[in-house]
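A short reminder: the numbers here are calculations on the coordinates, not readings from a lab. No experiment lies behind these values; they were computed from the predicted model shown. Here the Cβ positions follow ideal geometry from the backbone for every residue, glycine too, while neighbour counts run over all protein chains shown.
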Amino acid sequence: ITALRGEYPIIVVDDSPTMEVRSVCELAGATYLESGANQGFGAAVNSALRGISLAQFDVLLVNPDAAIEPSSVERLRAMLERVPILACVAPAQHQLDEAALDPVAWPFPSPLRAWGEAVGLGRFFHRPDVMSGSILLVRGTAFSDVGGFDEQFFLYSGADWQFRARYLGWTAGYCPEALAIHIAAGTDLHSSRREMQFHADVERYRSEERRVGK
């Protein structure tokens, strides 16, 4: 919020409502929404976008453990303008106080990729199909075309949305000129719970992939 306040309209969806977060949002002039329960990334995004004319606006998704400067946002916007088939674009990302970049693009999950990683062949699956949803600029018209996030997914709704976008002829992009900070797993310190949610979403994603593929 500190980096973006005054530059863009900001909507904050608070899954664990506190007066402290509400106060920060009010001081920054951000719209504050209480979700009522933590139903996952996709549900939070959908609630934030209700009532917004997506034909007129692009949408920057930012995790609460991430930060991006307006100059990098503008680089993302420039890339969307240059490449009309891009549904979304992600910046380069690194941990706080670390120079090394974290991976932000992966192949779409599949049984073949899961098998390859299990037997130590994951390095051969490098096609960048899906971008991390931690910081992602999404074209508003692509949102209108593809529809909102599937709220059955807790963590994997971004990958599912990008898969559905690809099926409709859109693609996703990576902009190395834009730089952002993301503290990986900074919003949930329970590793076992994250692991369980991750695997549940992968299975759900594969079922959706088979259904859409038909």
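Having 2 or more residues that are in contact with a Ser or Thr (Cβ under 6 Å, 6 or more places away or on another chain) and surrounded by 15 or more Cβ atoms within 10 Å (Cβ to Cβ) is the bar; report the helices (runs of 4 or more DSSP H) wholly within the stretch 1-112 that clear it.
Hits in the stretch 1-112: 41-49.
What are the residue pairs meeting all of these: first residue in the stretch 45-72, first residue more than 22 Å from Thr141 (Cβ to Cβ) and touching a residue at least 12 places away in the same chain (Cβ under 8 Å), second residue surrounded by 15 or more Cβ atoms within 10 Å (Cβ to Cβ) and among the hydroxyl-bearing types (Ser, Thr, Tyr), Cβ atoms under 8 Å, and 6 or more apart or on different chains?
Close Cβ pairs satisfying both conditions: Asn63/Ser134; Asn63/Thr187; Pro64/Thr187; Asp65/Ser134; Asp65/Thr187; Ala66/Ser134.
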